[in-house]
Amino acid sequence: QVQLVESGGGLVQAGGSLRLSCATSGRTFSSYTMGWFRQAPGKEREFVASISWNGAYYTDSVKGRFTISRDNAKNTVYLQMNSLKPEETAVYYCAAKISSSSYNVWGQGTQVTVSS
């Protein structure tokens, strides 16, 4: 059973930066499509970014501010978040597509709070 463990969340002022990490236990991490999602209070979970063999993708609202990357030697995916906004306060989740066309493994989430 592959497990995902997020870290790096916290409290930051508007305009600040955070880097989230997601460590996995999978043996074939390099083959996984990895994604970041977020869920704000009272809202549905939304896609933020993903990375796979064919590139990185972002939701429009974070383009130019967030960067997703991966270190296959460390089985870890990162989300660098710059110029954070208060409305981006949410629980951020890491997810993986493992032998699946949809995200089928999820982390427990890490809280990101952006103060105004």
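Once phi is turned into ³J(HN,Hα) by the Karplus curve 6.51 cos²θ - 1.76 cosθ + 1.60 with θ = phi - 60°, what whole-Hz value does each residue of the stretch 103-116 show in order, with x for glycine and proline?
Coupling constants for the stretch 103-116: 5, 10, 10, 10, x, 7, x, 9, 7, 10, 10, 10, 8, 8 Hz.
Where does the charge balance sit around M34 when Lys and Arg score +1, Asp and Glu -1, over other residues with C-beta under 10 Å from its C-beta?
Net of charged neighbours comes to +2.
Take the Cα of S102, step 7 Å along the line toward its Cβ, and report every residue of the stretch 44-85 whose backbone nitrogen sits under 18 Å from that point.
Once the point is set 7 Å along Cα→Cβ of S102, 44-48 turn out to lie under 18 Å by backbone N, inside the stretch 44-85.
Looking at the stretch 9-116, which chymotrypsin sites (Phe, Trp or Tyr not before Pro) are DSSP coil and have at most 10 other C-beta atoms within 10 Å of their C-beta?
W53
Can you work out the Karplus-derived ³J(HN,Hα) for every residue in the stretch 19-25? Use 6.51 cos²θ - 1.76 cosθ + 1.60 with θ = phi - 60°, whole Hz, and x for glycine or proline.
For the stretch 19-25, the Karplus-derived couplings read 10, 8, 10, 9, 9, 10, 9 Hz, x marking Gly and Pro.
Taking 0.36 nm per residue of separation and subtracting the Cα-Cα distance, what length does fully extending Y57 through S7 add?
Residue separation times 0.36 nm, minus the Cα-Cα distance, leaves 15.9 nm.
To the nearest Å, what is the center-to-center distance of the stretch 90-116 and the stretch 1-78, using C-alpha atoms only?
Value for the Cα centre distance between the two parts: 7 Å.
To the nearest 20 debye, what is the magnitude of the charge dipole of the stretch 36-116 about its Cα centre, counting +1 on the Cβ of each Lys and Arg and -1 on the Cβ of each Asp and Glu?
Dipole about the Cα centre, nearest 20: 120 debye.
Just to check I understand the Karplus step: with θ = phi - 60° and J = 6.51 cos²θ - 1.76 cosθ + 1.60, what whole-Hz values come out for the stretch 61-76, glycine and proline as x?
Using θ = phi - 60°, the values come out as 5, 10, 4, x, 10, 9, 9, 9, 8, 9, 10, 5, 5, 9, 6, 9 Hz.
Can you tell me the Rg and the Dmax, both Å, for the Cα atoms in the stretch 51-90?
So, for the stretch 51-90, Rg and Dmax equal 11.6, 34 Å respectively.
For K74, list the lysines whose Cα falls under 19 Å from its own Cα; do not include residues on the same chain fewer than 8 positions away.
K97
Roughly how large, in nm² to one decimal, is the mean projection of the convex hull of the alpha-carbon atoms in the chain?
The orientation-averaged projected area of the Cα hull of the chain comes to 6.8 nm².
Report relative contact order for the chain in percent, whole number only (criteria: Cα-Cα under 8 Å, sequence separation at least 6).
36
Hey, can you grab everything whose amide H is under 5 Å from the amide H of L84? Only 5+ residues off in sequence or another chain; H modelled, so Pro and N-termini drop out.
Answer set, sorted by chain and number: G15, G16.
List the trypsin sites (Lys or Arg not before Pro) within the stretch 31-116 that DSSP assigns to loop and that have no more than 14 neighbouring Cβ atoms inside 10 Å.
K43, K63, K74
The numbers here are math on the coordinates, done by the rules we state, and not lab data. It should be emphasised that the depicted structure is a prediction, and the values quoted were computed from it without experimental measurement. With ideal geometry, Cβ positions are generated from the backbone for all residues, glycine too; neighbour counts draw on all protein chains shown.
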